[in-house]
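Participant: I have a structure I would like to understand better, so I am pasting it below and will then ask my questions one at a time.
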Amino acid sequence: MSSAFNSVIQINENVGNMPMKAVVYRTDDLRTRKAGLYTFIQVHIELDPAMALSRAHQVSDEVERELCQAFDKAEVIIHQDPAGLEGVPERSATAGNS
C-alpha cells in the first residue's frame with residue numbers, strides 16, 4: 001500500500017476516534033496531499049442541522065486541533081455540512097444574468 005493511502009486511512013481513523021465523534025455524524029470528501037514536509041488535509045464534517053453556528057465552529061476547531069496533533073506540519077481545512085443535506089447543485093456562471 002502507498003504511504004498516501006495509509007495516510008488517508010489514518011486520518012479517517014483519527015476523525016472517527018476523536019472525542020468530538022459524538023457530534024460529528026460523519027465525514028465526507030476527504031482530500032489529502034503532501035508538499036515537501038507538509039500534509040494538507042481537507043474534509044467535510046456533518047453536524048446536527050440545528051446546531052448553532054458558534055457551536056459548529058467550536059467542533060470544527062477541535063477536529064482541526066486533533067488532526068494537527070496527529071499529523072506534524074499539517075494544514076487543515078474543514079467544511080461543516082448540516083447532516084442529511086444532499087449535494088447542492090452548483091450554480092451556473094450565467095445563472096441570474098439573463
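Participant: For residues in the stretch 46-72 being at pLDDT below 90 and loosely packed, with under 13 Cβ neighbours inside 10 Å, which is nearest to Thr27 (Cα to Cα)?
Facilitator: Within the stretch 46-72, the match that is nearest to Thr27 (Cα to Cα) is Gln69.
Participant: Would you mind telling me which numbered condition in (1) modelled with pLDDT under 90; (2) in contact with a His (Cβ under 9 Å, 6 or more places away or on another chain); (3) small (Gly, Ala, Ser) Ala93 fails?
Facilitator: Result: Ala93 passes all but (2).
Participant: Of all residues in the stretch 73-88 being more than 15 Å from Arg31 (Cα to Cα) and in contact (Cβ under 8 Å) with a residue 40 or more places away in the chain, which is surrounded by the most Cβ atoms within 10 Å (Cβ to Cβ)?
Facilitator: Checking each candidate, the answer is Asp81.
Participant: Does the stretch 18-40 include one or more residues that are modelled with pLDDT of 90 or more, of a type outside the set (Lys, Arg) and within 15 Å of the chain's Cα centre (by Cα)?
Facilitator: yes
The values are calculated or read from the model by the stated rules, or taken from the named source; none is laboratory data. Predicted, not measured: the structure shown is a model, and the values here were computed from it. Neighbour counts run over all protein chains shown; Cβ positions are idealised from the backbone, glycine included.
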